[in-house]
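For reference, the structure is listed below as structure tokens.
The values are calculated or read from the model by the stated rules, or taken from the named source; none is laboratory data. What you are looking at is a predicted structure, and each value in this text was computed from that prediction instead of being measured. Here the Cβ positions follow ideal geometry from the backbone for every residue, glycine too, while neighbour counts run over all protein chains shown. For the accessible areas, the whole protein counts, side chains as well, though only heavy atoms, and no ligand, DNA or RNA atoms are used. Shrake-Rupley method; radii C 1.70, N 1.55, O 1.52, S 1.80 Å.
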Amino acid sequence: MDQNALFFFQEKPEALPLYRAFEGRLLAELEGVNIKVQKTQITFSNRRVFAAVSFLAARKAKARPEPYITITLGLNRRESSTRIDQASEPYPGRWTHHLVIGTVEEIDDELMAWAREAYNFAAAKR
């Protein structure tokens, strides 16, 4: 993890272990992942962005865990799992899914399967 990522969590350091767990699994399970730290999110890409981590309020404040991160994944279909807090279709054939994550245990095989699907979808785009 670089200094920029650490700076991103400066205001919410308690969420850093959640990010580290997600980043660690992505880097261990997928090849050629590029990480870009921006002002409001950290993006993960291969040819295109396939995932992001942010503090997007994708769930009402009363229902959000503390700490939390929001993981955003781009899929070619709508995932109907109850784990998905928000899903939208910004353009035909691309669905953006937001998941609020409050524990390291939530970064599980199911989440990583969706991340892998998003990675493959991004790699296949022209």
query: Any idea which residue in segment 108-126 is surrounded by the most Cβ atoms within 10 Å (Cβ to Cβ), counting only those that are assigned to a helix (DSSP H, G or I) and free of Cβ contacts under 8 Å to residues at least 40 places away in the same chain?
result: N120
statement: Flagged in segment 6-27 as surrounded by 13 or more Cβ atoms within 10 Å (Cβ to Cβ), free of Cβ contacts under 8 Å to residues at least 60 places away in the same chain and among the charged types (D, E, K, R), in numbering order, are K12, R20, E23
field: Failed item in (1) at pLDDT below 95; (2) in contact with a Phe, Trp or Tyr (Cβ under 9 Å, 6 or more places away or on another chain); (3) basic (K, R); (4) surrounded by fewer than 16 Cβ atoms within 10 Å (Cβ to Cβ), with K36 passing the rest
entry: (1)
- request: Starting from residues that are part of a loop (DSSP other than H, G, I, E, B) and small (G, A, S), keep the ones in segment 76-107 and report whichever is surrounded by the fewest Cβ atoms within 10 Å (Cβ to Cβ).
  value: S80
field: In segment 75-92, the residues that are touching a strand residue (DSSP E or B) at 6+ places or on another chain (Cβ under 7 Å) and polar (S, T, N, Q)
entry: N76, Q86, S88
Out of F9, F44, sole residue that is farther than 18 Å from A124 by Cα and among the aromatic types (F, W, Y): F9
- line: Taking segment 1-33 and the residues there that are assigned to a helix (DSSP H, G or I) and of a type in the set (F, W, Y), the one that is modelled with the lowest pLDDT would be F7
query: How about segment 47-75: which of its residues are under 17 Å from K125 (Cβ atoms) and open to solvent by 20 Å² or more (accessible area, probe 1.4 Å)?
result: R47, R48, V49, T72
